[in-house]
Amino acid sequence: SSRSPGRPSNFFRPLGPRTMRPAFKEWQAIVDALGAGAQTLLLRKGGIHEGRGGFHVSADRFWLFPTRFHAQREKTKPAAHVHFNEASPDEAVTLSLFAELVESAFVTDWPTVAALAPYHLWTDATVRERFEWSKPRGLHVLILRVHRLHERLTLPLTPEMGGCKSWIELPPDFDERPSTPVLNDATFAAQLAELRQRIGAAQ
C-alpha cells in the first residue's frame, strides 16, 4: 500500500480534479451539538473577512467544519460543555457531519431571537453581542437537517481553511458517502414546527 505510516484509512487523499463542496465553519462544540441533535439551528452575523456584503447563505447543502476558538467554553451554556471533545491534531480536521438548509431568515427583532434560546447552546450574552455587532442589527437564523457520515473523514488543514470567514470549499463529496439523519423525521418535523412558530411571529 502507498498509505503513509500511521495515517488512518479514512484520511482523504485527492485523486485528481474534483468539484469542490461548500463547508460552513462553526465552533467545534456547536458542531458536536448539531451532531448530537442538541440543536438544529445556527445563528450568524458574519466574520470580519465576509466582505462588504456581510454574511450570505452560499449553499443549501454543506459540510459542517469544526473550528477551535479559545473562548468557546465561556461563550456557551454549561449544557454545551459535554460537547467539548478532543480536537483533531493541529495539522488535520475531522469531518463527520453535513447539513441541508431547510429554512433561513434574517431576524431583526431581539425578543424573537431571545425566544430561540432553548434551541441552541450559546449564552444570551454571546447572542446579544452578535445581534448588535455591525449594521443592520439582527441575526441570520439557519434551520438545518443534519446528517452523520457512517465513517468519519480526516483532511489535512491548509491555509485556505483558515481565517475569520463562514464559508470555505473542500474537495470531498458528502453525496458519495453513506450517512444517516441525526434526528428521525418525526422529531425533526416537531422541532421545525416549533422554530417556524417562533421565527414567524416576527416576519
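The values are calculated or read from the model by the stated rules, or taken from the named source; none is laboratory data. Everything quoted here is computed from the prediction, not taken from an experiment. Because the Cβ atoms are built from the backbone with ideal geometry, glycine has one as well, and the counts that use them run over all protein chains shown. Surface accessibility is based on the protein's heavy atoms, side chains included, excluding ligands, DNA and RNA. Shrake-Rupley method; radii C 1.70, N 1.55, O 1.52, S 1.80 Å.
Candidates are the residues of the range 143-155 that are touching a residue at least 40 places away in the same chain (Cβ under 8 Å) and open to solvent by 40 Å² or more (accessible area, probe 1.4 Å); the one that is nearest to Arg44 (Cα to Cα) is Arg148. If you go through the range 156-173 one residue at a time, do you hit one that is among the polar types (S, T, N, Q), touching a helix residue (DSSP H, G or I) at 6+ places or on another chain (Cβ under 7 Å) and either surrounded by 13 or more Cβ atoms within 10 Å (Cβ to Cβ) or part of a strand (DSSP E or B) (or both)? Taking every residue of the range 156-173 in turn, none turns out to be among the polar types (S, T, N, Q), touching a helix residue (DSSP H, G or I) at 6+ places or on another chain (Cβ under 7 Å) and either surrounded by 13 or more Cβ atoms within 10 Å (Cβ to Cβ) or part of a strand (DSSP E or B) (or both).
Here Leu121 meets each of (1) modelled with pLDDT of 90 or more; (2) more than 22 Å from Gly35 (Cβ to Cβ); (3) within 16 Å of the chain's Cα centre (by Cα) with one exception, condition (2).
Results for (1) of a type in the set (Asp, Glu); (2) open to solvent by less than 50 Å² (accessible area, probe 1.4 Å); (3) at pLDDT 90 or above, shown as yes or no for each residue.
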| position | (1), (2), (3) |
| --- | --- |
| Glu176 | yes, no, no |
| Leu183 | no, yes, yes |
| Ala193 | no, no, yes |
| Arg198 | no, no, yes |
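Would you mention how many residues in the range 55-68 are assigned to a loop (DSSP other than H, G, I, E, B) and either buried (at least 16 other Cβ atoms within 10 Å of the Cβ) or modelled with pLDDT of 80 or more (or both)?
Filtering the range 55-68 for residues assigned to a loop (DSSP other than H, G, I, E, B) gives 55-60, 68.
Going one step further and asking which of them are either buried (at least 16 other Cβ atoms within 10 Å of the Cβ) or modelled with pLDDT of 80 or more (or both), we end up with 55, 57, 59-60.
Number of matching residues: 4.
Applying the selection to the range 1-53, what residues are crowded, with 16+ Cβ neighbours inside 10 Å, under 30 Å from Phe188 (Cα atoms) and modelled with pLDDT under 65? Answer for the range 1-53, where residues must be crowded, with 16+ Cβ neighbours inside 10 Å, under 30 Å from Phe188 (Cα atoms) and modelled with pLDDT under 65: just Gly46.
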